[in-house]
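The values are calculated or read from the model by the stated rules, or taken from the named source; none is laboratory data. What you see is a predicted model, and the numbers here were worked out from it, not measured in a lab. Don't worry about glycine lacking a Cβ; one is built from the backbone with ideal geometry, like all the others, and counts go over all protein chains shown.
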Amino acid sequence: MFNVLKKWIDQIFFEEESIILLLIIIVALILLMTMGTVLAPAITSLILAFMMQGLIAQLTARDMPQWAAVTIAFLIFVGTFFAILLVVLPLAWQQLINLFNELPGMIVEIQQQLQILPEQYPTLFSEEQVQEWISLLTVELGKLGQLVLSISISNLPNVIGMLIYLILVPILVFFFLKDKELLLSWCRSFLPAQRPMLREIWHEMNDQVANYVRGKAIEIVIVGVVTYVSFAFIGVNYAALLALLVGLSVVIPYIGAVVVTIPVAVIGFFQWGLGSEFYTLIIVYGIIQALDGNVLVPLLFSEAVNLHPVAIILAILIFGGLWGLWGVFFAIPLATLIKAVLSAWPSVVTIEAAKMNSPSAEA
C-alpha cells in the first residue's frame, strides 16, 4: 500500500512546476484563511483592477497610449465607485429603513389575513393552526429585529474600516493598473523559466474568468438599472432597494432570481393587493428575468464557462459558506480554477512522463 501511494505521489510531483503550483495554492489558502480580513482592501483592489483590464485592452487596441487608457479606465472606476457609494447605497438604505418602519403594519395585515382563513376555508385551516402560525411569525420577526439591531451595533466600529477602504482601494487600483507589467514581471521572477502547466492554467483563467467577472459586473449594473427604471415607472414602493436586490441576484445562478421573487411579490401584494398593478409588476419582473437569461447573458458571456450546473451549485454552497458574498460572487471563477488545475496537471505530467520513458530518453 505504501509503495502504491509513493508511486502515485512520484508520478504527480516529480516535476518541479507541479510542486510550485501546490505551494502557491497552499500559501494562497493560508493567507485567505488567516489574513483575509487584513488583506481585504488589497484583494478587492486587485479584483477591481482585473475587471478594468478589458476596457484598457480595448482602448490600447485602438492605438491609444497605455497611460491614456489607464487614466480613462481609472476615471471611469472612480466615478462609478463614488456614484454607488454616494447615490445608490444611501437611497437603498433609506428605503430599507422605511420598509422596517412599515413592517409592523404589514405584520398586522398578515395576522388579519390569517385569522379569516378558518372562516373562508374551514376544511383546510383550523383556528389552532392559524394561532400557531401567528405565534411562529411573531417569534421569527422578533429574531429578525434582534439580528438587525446586533448587526447595526456591531458595524459601528467598522466606520474606520470603511474610511480605509475609501482611501486605499482607489489608490491601490491606480497602481495595479499603472504598474501591471512591473508587478507581473516581479511575480514571474519567482517561477521557473519553463512553466507549461502554469501557462496553460493562466491562459484558461485569463480567457474565461476575466470575461466572466467583467460580464457579471456589467450584468449586475444593467439588470439593476433596468429594474429600477421599470419599477419606478409603474410606481412600486422601494424601487431602489428591490433593484439592488434583483441586480445582486444575478450573482447566484439558478437560485438568486427565485429567492428575490419573494420580496418583489410581497411588496407588490402589500402595496396593491391581488389587483391589476400586482400582476403588472410580476409580468414586468418576469420579462426582465427572461431577457437577462436569454438575451443579456449570451451577449456578455460569449465564452461560456464550461461547468455542469451541479458543479456550479456545489461551488456556490462551498465557497459561499467559506467567504460569504465574495465567495458566492467568485464561486464560478474558483470552480473554473480548480477545473483548469485538474485538467492541466495530468496532461502535462503525462507528456513529461512519456518523454522520460521514450527510447531516445533511455538512450
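Side notes on the structure shown:
- Check on Leu314, over 27 Å from Ile20 (Cα atoms) and at pLDDT 50 or above: yes
Quick grid of which residues meet (1) out of contact with any helix residue (DSSP H, G or I) (no Cβ under 8 Å at 6 or more places or on another chain); (2) part of a helix (DSSP H, G or I):
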site	(1), (2)
Thr37	yes, no
Leu46	no, yes
Gln58	yes, yes
Ile76	no, yes
Phe81	no, yes
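- Of the listed requirements (1) in contact with a Pro (Cβ under 7 Å, 6 or more places away or on another chain); (2) crowded, with 16+ Cβ neighbours inside 10 Å; (3) at pLDDT 75 or above, Phe231 misses just one: (1).
- The residues listed here are Leu89, Leu55, Leu85, Leu48; of these, the one that is surrounded by 14 or more Cβ atoms within 10 Å (Cβ to Cβ), within 25 Å of Leu242 (Cα to Cα) and either outside the structural domain of Leu300 (by TED's automatic domain parsing) or not basic (Lys, Arg) (or both) is Leu48.
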